[in-house]
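Read through the structure below, which is laid out as structure tokens, and then see the notes.
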Amino acid sequence: MPLIYMNYSEGAFSQKSLHALAEEMTTIGVECERLANTPFVRSTTWIYAHEHPVQTVFVGGKSMGTKVVSLEVNVFEGGLDDHAKNQLIERLTSAIRNHGGIKPDTRVPVYIVIREVAPSNWGVFGDRITLESLRTPPADAKPV
């Protein structure tokens with residue numbers, strides 16, 4: 001159930017590609033955390049996409065207006081081992097490449113920061129939620 005904050009420069013994605021990217025990022029997050037891929041669990045994965053005017057995006061201290069993307073991915077502490085973290089980074093980068101129209105031989109300008117949150121610090125829909133409850137949710141759990 002990653003909680004993802006995505007910042008990107010204006011024009012990096014069309015509305016259609018942004019929606020497709022959000023769907024793919026949700027799938028990637030659910031799979032990397034080894035969660036049940038159910039409508040309920042998918043509804044606990046939220047992505048906040050923030051588009052910034054190109055003149056406010058700085059690279060190396062210069063306003064370059066490039067198609068840079070940064071992701072802050074909040075996950076349960078202990079929910080990702082090193083292999084899963086590598087997969088998360090590789091797959092999110094690939095998704096950004098594909099949906100951002102970045103050529104295969106070009107470096108993808110993306111920063112990804114994974115923040116592990118203590119299990120006791122997660123609350124969803126007014127209750128605490130655990131990693132185990134998302135890996136084996138009740139069959140009748142209703143999505144948002």
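The values are calculated or read from the model by the stated rules, or taken from the named source; none is laboratory data. Just so it is clear, the model here is predicted, and its values are computed rather than measured. Neighbour counts are summed over all protein chains in view; Cβ atoms, including those assigned to glycine, are modelled from backbone coordinates with ideal geometry. Surface accessibility is based on the protein's heavy atoms, side chains included, excluding ligands, DNA and RNA. Shrake-Rupley method; radii C 1.70, N 1.55, O 1.52, S 1.80 Å.
Which net charge results for the neighbourhood of residue 87, defined as the other residues with beta-carbon distances under 13 angstrom from its beta-carbon, given Lys and Arg at +1 and Asp and Glu at -1?
Summing Lys/Arg as +1 and Asp/Glu as -1 gives -2.
Work out the length of the dipole vector of the stretch 16-122 about its Cα centre, built from +1 on the beta-carbon of each Lys and Arg and -1 on the beta-carbon of each Asp and Glu, and round it to the nearest 20 debye.
Dipole magnitude for the stretch 16-122 comes out near 440 debye.
Taking H as built 1.01 Å from N, whose amide H comes closer than 5 Å to the amide H of residue 110, not counting residues under 5 places away?
It is 69, by chain and number.
I need the peptides 2-9, 133-140 ranked by packing, meaning the mean over residues of other C-beta atoms within 10 angstrom, with the highest value on top.
Averaged packing, sorted descending, gives the order 2-9, 133-140.
Write down the accessible area per residue of the chain in Å², having rolled a 1.4 Å probe over the full set of protein chains.
57
Between the stretch 104-128 and the stretch 66-95, how many Å separate their Cα centres?
Between the Cα centre of the stretch 104-128 and that of the stretch 66-95, the gap is 7 Å.
Amide H to amide H, which residues 5 or more places from residue 10 or on other chains are under 5 Å from it, using H placed in the peptide plane?
52, 54
Using the Karplus curve 6.51 cos²θ - 1.76 cosθ + 1.60 with θ = phi - 60°, work out ³J(HN,Hα) for each residue of the stretch 33-40 in order, rounded to whole Hz, and write x for Gly and Pro.
7, 6, 8, 5, 8, 10, x, 4
Using just the helices of the chain, give the 222 nm mean residue ellipticity in deg cm²/dmol: DSSP H runs with n ≥ 4 each add -39,500 (n - 2.57), and the total is spread over all residues, rounded to 500.
-9500 deg cm²/dmol
Could you tell me what percent of the DSSP beta bridges with both partners in the chain are antiparallel, to the nearest 5?
Roughly 40 percent of the DSSP beta bridges within the chain come out antiparallel.
With a cut-off of 8 Å between alpha carbons and a minimum separation of six or more residues, what is the relative contact order of the chain in percent?
Result for the chain is 33 percent.
Compute the acute angle (0 to 90°) between the alpha-carbon long axis of helix 82-99 and the principal axis of greatest extent of the alpha-carbon atoms of the chain; round to the nearest 10°.
Rounded to the nearest ten degrees, it is 50.
List the lysines whose alpha-carbon lies under 21 Å from that of residue 67, not counting same-chain residues fewer than 8 positions away?
Qualifying lysines at Cα under 21 Å: 16, 103.
Counting Lys +1, Arg +1, Asp -1, Glu -1, what net charge surrounds residue 25 among other residues with beta carbon under 14 Å of its beta carbon?
In short, -3.
Show me the three semi-axes of the equivalent ellipsoid for the stretch 17-144, from the C-alpha gyration tensor (sqrt of 5 times each eigenvalue), largest first, rounded to whole Å.
Calculated on Cα positions only, the semi-axes equal 30, 15, 15 Å.
Between beta-carbons, use under 9 Å as the cut-off and find the net charge around residue 7, counting Lys and Arg +1, Asp and Glu -1.
So the surrounding residues net to -2.
Going by Cα centres, the stretch 1-17 and the stretch 19-55 are how many Å apart?
10
Probe radius 1.4 Å, ligands and nucleic acids ignored: give me the carbon and sulfur share of the accessible area of the chain as a rounded percent.
It is 53 percent, rounded to a whole number.
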